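The values are calculated or read from the model by the stated rules, or taken from the named source; none is laboratory data. Keep in mind it's a predicted model, so treat the numbers as computed, not measured. So basically every Cβ, Gly included, is an ideal-geometry build from the backbone, and we count neighbours across all protein chains shown. For the accessible areas, the whole protein counts, side chains as well, though only heavy atoms, and no ligand, DNA or RNA atoms are used. Shrake-Rupley method; radii C 1.70, N 1.55, O 1.52, S 1.80 Å.
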Amino acid sequence: MTKALILNSAVTGEASISNRLTGEFAARLRERDPAARIVTRDLGARPVPHLLPETVAGIRATAATDAEKAALALSDELVDELRDIDLLVIGAPMYNFGMPSSLKAWFDYILRAGVTFRYTENGPEGLLPVKKAVVIETRGGLYSEGPAVAMDSQEPHLRTLLGFMGVTDVVFVRAEKLGFGPEAVQAAVDGAIAELNGCAERELALAA
Ligand SMILES: Cc1cc2nc3c(=O)[nH]c(=O)nc-3n(C[C@H](O)[C@H](O)[C@H](O)COP(=O)(O)O)c2cc1C
């Protein structure tokens, strides 16, 4: 049985293509595995707060004040969601060449030394059981090839953050050129859905 957590991070709600694609992927997983347990957290609609001077010690040091304890409780809740999954699915629009700040804020809450990763002589080591992720990236332009490749601060950053928590088996599915008109959108969405179908089939063959 697949146990997945879906993180959406678009702020565009019903119009969001990344939300639509994570939804399509969840539907494919459920079609093939009706017992699949899939939890969705919408960071775009309900963002976790940015870390503040009043809260940061709750996550990075000792929680003493009420605000620090609340931050730690939220962090624990987010980490608990990661403990019992075998697949992390992230819907990640490109905002100003990177990931949405709500998704970055989520990583700020869950990357905790001694809890989700530890430093070893061989570098950082993830402490969570989940090793696999499907990251769905939506972009107005084209960054996987051509002159804008070097401007992509989204995919390398996500790969680094996931690697830090031990999620090293990562498939990136990109829907690009979404700002190039309806035909380009249709082609990008069709291509992404075909890739996601393949991911769902492989995932369930492995889980079987
Ligand atoms: C605040 C904001 C910043 C954006 N920055 C970029 C960008 O740097 N590069 C790009 O190609 N597209 C950019 N876009 C376009 C989005 O990546 C594109 O519309 C994508 O479809 C958004 O995902 P969504 O449909 O799930 O909302 C930006 C959109 C927004 C709202």
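Numerical summary
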{"read-out": "Conditions (1) part of a loop (DSSP other than H, G, I, E, B); (2) open to solvent by 30 Å² or more (accessible area, probe 1.4 Å); (3) within 12 Å of the ligand (Cβ to nearest atom): number failed by P147", "value": "(3)"}
{"read-out": "Count - residues of segment 72-85 that are closer than 29 Å to Y143 by Cβ and either in a loop (DSSP other than H, G, I, E, B) or open to solvent by 60 Å² or more (accessible area, probe 1.4 Å) (or both)", "value": "1"}
{"read-out": "Pairs where the first residue, in segment 34-45, is crowded, with 18+ Cβ neighbours inside 10 Å and the second is assigned to a loop (DSSP other than H, G, I, E, B) and modelled with pLDDT under 95, C-beta under 8 Å, 6+ apart", "value": "A36/M1; A36/T2; I38/T2"}
{"read-out": "Residue in segment 7-15 that is more than 8 Å from the ligand (Cβ to nearest atom) and among the aliphatic types (A, V, I, L, M) present", "value": "yes"}
{"read-out": "3 or more residues within 16 Å of the ligand (Cβ to nearest atom): qualifying strands (runs of 3 or more DSSP E) within segment 92-140", "value": "132-138"}
{"read-out": "Residue check, E14 closer than 20 Å to P93 by Cβ, among the acidic types (D, E) and part of a helix (DSSP H, G or I)", "value": "yes"}
